[in-house]
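Just below is one structure, and these are the notes that go with it.
The values are calculated or read from the model by the stated rules, or taken from the named source; none is laboratory data. What you see is a predicted model; the values in this text were computed from it and never measured. FYI the Cβ positions are ideal-geometry reconstructions off the backbone, even for glycines, and counts take in every protein chain you see. Please note that ligands, DNA and RNA were not included when accessible areas were found on the heavy atoms of the full protein model with its side chains. Shrake-Rupley method; radii C 1.70, N 1.55, O 1.52, S 1.80 Å.
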Amino acid sequence: MKIAITLILYMLAFLWGCTKLRGKGRQLHRLWLGCILAYCAYINVCGITRTPFISVSILYTTFFQPVGRAIINWLGG
């Protein structure tokens with residue numbers, strides 16, 4: 001039930017946002033709005049179901065942290 005309500009609210013937010021977008025390039029802006037809201041809905045539903053999800057922080061934890069540790073060890077820290 002929570003998931004259905006969440007998705008309905010995201011759809012309403014998308015429809016409201018589409019009505020606010022006017023002018024030149026509005027189709028591209030609607031596409032970006034849809035992509036952002038779809039990603040937010042994905043993260044929200046994964047949080048409700050407690051399943052792991054892909055986020056921007058994965059790049060940091062899988063690449064930058066080990067590289068930073070290697071550089072610190074290389075410098076003698």
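What the table shows:
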quantity	calculated
Cβ-derived FRET efficiency at R0 22 Å, Met11 paired with Thr51, nearest 0.05	0.55
Accessible carbon and sulfur surface of the chain relative to its total accessible area, %, 1.4 Å	73 percent
Solvent exposure ordering (accessible area, 1.4 Å, most first) of Val67, Val56, Val45	Val56, Val67, Val45
MRE, 222 nm, helices only [DSSP H, n ≥ 4, -39500 (n - 2.57), over the chain, to nearest 500]	-23000 deg cm²/dmol
Among Ile36, Ile48, Ile58: highest mean-square fluctuation, GNM of the chain, C-alpha pairs under 10 Å	Ile58
Label-point gap, in nm, between Arg26 and Asn73 - each point 7 angstrom along Cα→Cβ	5.6 nm
Gaussian network model of the chain, Cα within-10 Å springs - most flexible of Gly23, Gly47, Gly34	Gly23
Net charge over other residues, Cβ less than 13 angstrom from the Cβ of Gly17 (K, R count +1; D, E count -1)	+4
Contour minus Cα-Cα distance for Ile36 and Gln65 (0.36 nm per residue)	7.8 nm
Option label - Cα extents along the principal axes in Å computed here, alternatives [x] 27, 27, 18; [y] 66, 27, 25; [z] 58, 38, 12	[z]
Å² per residue, accessible surface of region 1-75 at 1.4 Å	85 Å²
Range in the chain, longest, excluding exposed trypsin sites (Lys or Arg not before Pro) [loop by DSSP; at most 13 other beta-carbon atoms within 10 Å]	51-77
